[in-house]
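The values are calculated or read from the model by the stated rules, or taken from the named source; none is laboratory data. Remember, predicted model here, so these are calculated numbers, not experimental data. When we count neighbours, we look across all protein chains shown, and the Cβ atoms used for this are built from the backbone with ideal geometry, even at glycine. Ligands, DNA and RNA are excluded from the accessible area calculation, which covers all protein heavy atoms including side chains. Shrake-Rupley method; radii C 1.70, N 1.55, O 1.52, S 1.80 Å.
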Amino acid sequence: MAQTVSWGVLGTGIIAQRFVSDLLGRPDARLTAVGARSTGSAQAFAAAFPQASGAPAAVAGVEALAARPDIDVVYIATPNSDHMDSALACIEAGKSVLIEKPIALSGGQARRIAEAARRKGVFCMEAMWMRFTPGVVRAKAMLEAGEIGDPLHLDARLFFPRAPDPPGRTDDPAEGGVILDLGVYPVSLALHLFGAPTEVSGVGLDRDGAAAQQAALALGWNARTATLSCGSTGEADNAAVIVGTHGRIHLHRQFLCPPFLTRVRTAAAPAPARGWGRRR
């Protein structure tokens, strides 16, 4: 019989609600407590998710949640700017953590979280659900099996239109704008398929001094490239395509959880006359 994992949830927004709705569909998971800035907010959230043993406990603040001995893992669904501090508090209390994307606001913050988890010997992970969706799992397996030859290029885009009012996390520079709200998905896909790049460049466009509302990135590896884009200024097909020496794979809308894949086989490309390198 599988061991039941006891969960604490920090944050009461729509993402936390969706997470808990799915979590409680698992027989090996139990929602033990909910933490929020106010006890009232935590109580309202907890009351919406009763279980066989009753509604989960409601507490105010990350310290009270992390101090509970009956919690194994804390899912952190607070605003982006709070992720590092909340994660460090939970890790210090010996809790494993699942942190809603983005795991942090910067590489430096992410490294602090990783180092703390390693030091305490607890599990730590970014909640990048896209990597576990069937279509993305299948696309990665196809690449590894050589079904389109050697991978050469990835193009991925994610645009969802949002009105400037009322202001939200895509407008607040402290929350990272559209790059950390939407851009993390194409970036994570590129890292998942190709690994860490050796070269990165990009451009972001803001609106009236707010955080970036539209961005494009170019990533480079040895003999591989990626063009990634995101924005809240319009709507795209939100698909992705992986180009290889013997074909291509299309991850259809939305590439985060593609409803289907299309593989196109092509003849092998001729070998380049000279070795790969950057054009200056």
(request) Select, from Val9, Val5, the only residue that is under 19 Å from Glu126 (Cβ atoms), of a type in the set (A, V, I, L, M), open to solvent by 40 Å² or more (accessible area, probe 1.4 Å) and in contact with a strand residue (DSSP E or B) (Cβ under 9 Å, 6 or more places away or on another chain). (result) Val5
(message) Condition first: surrounded by fewer than 21 Cβ atoms within 10 Å (Cβ to Cβ), part of a strand (DSSP E or B) and touching a residue at least 24 places away in the same chain (Cβ under 8 Å). Now tell me which residues in region 244-253 satisfy that.
(response) Gly247, Arg248
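The rows are residues; the columns are (1) in contact with a strand residue (DSSP E or B) (Cβ under 8 Å, 6 or more places away or on another chain); (2) under 26 Å from Ile148 (Cβ atoms).
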site	(1), (2)
Pro197	yes, yes
Gly204	yes, no
Gln213	yes, no
Asn222	no, yes
Ala226	yes, yes
Ala239	yes, yes
Ile249	yes, yes
Leu256	yes, yes
Thr262	yes, yes
(request) Of all residues in region 51-78, count the ones that are crowded, with 22+ Cβ neighbours inside 10 Å and of a type in the set (A, V, I, L, M, F, W, C). (result) 9
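Residue-by-condition table, conditions (1) out of contact with any strand residue (DSSP E or B) (no Cβ under 8 Å at 6 or more places or on another chain); (2) touching a residue at least 40 places away in the same chain (Cβ under 8 Å); (3) β-branched (Val, Ile, Thr):
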position: Leu98; (1), (2), (3): no, no, no
position: Gly108; (1), (2), (3): yes, no, no
position: Ile113; (1), (2), (3): no, no, yes
position: Arg119; (1), (2), (3): yes, no, no
position: Val122; (1), (2), (3): no, no, yes
position: Met130; (1), (2), (3): yes, yes, no
position: Met142; (1), (2), (3): no, yes, no
position: His153; (1), (2), (3): no, yes, no
(request) For Arg118, state whether it is surrounded by fewer than 19 Cβ atoms within 10 Å (Cβ to Cβ), out of contact with any Ser or Thr (no Cβ under 7 Å at 6 or more places or on another chain), over 17 Å from Val243 (Cβ atoms) and at pLDDT 95 or above. (result) yes
(message) The conditions are (1) part of a helix (DSSP H, G or I); (2) within 30 Å of Ala267 (Cβ to Cβ), and Ala116 fails exactly one of them. Which is it?
(response) (2)
(request) Output the residue which, of all residues in region 92-111 that are outside any strand (DSSP E or B) and open to solvent by less than 20 Å² (accessible area, probe 1.4 Å), is farthest from Ala66 (Cα to Cα). (result) Pro102
(request) For region 13-35, name all the residues that are within 16 Å of Ala127 (Cβ to Cβ) and open to solvent by less than 50 Å² (accessible area, probe 1.4 Å). (result) Gly13, Ala16, Phe19, Val20, Leu23, Ala29, Leu31
(message) Can you tell me which of (1) modelled with pLDDT of 95 or more; (2) surrounded by 15 or more Cβ atoms within 10 Å (Cβ to Cβ); (3) farther than 23 Å from Glu199 by Cβ; (4) not charged (D, E, K, R) is the one Gln213 doesn't meet?
(response) (1)
(message) Go through (1) open to solvent by less than 20 Å² (accessible area, probe 1.4 Å); (2) modelled with pLDDT under 95 for Asp172 and report which single condition fails.
(response) (1)
(message) With the requirement that a residue be farther than 13 Å from Thr262 by Cα and in contact with a Ser or Thr (Cβ under 9 Å, 6 or more places away or on another chain), what does region 137-154 give you?
(response) Gly149, Asp150, Pro151, Leu152, His153, Leu154
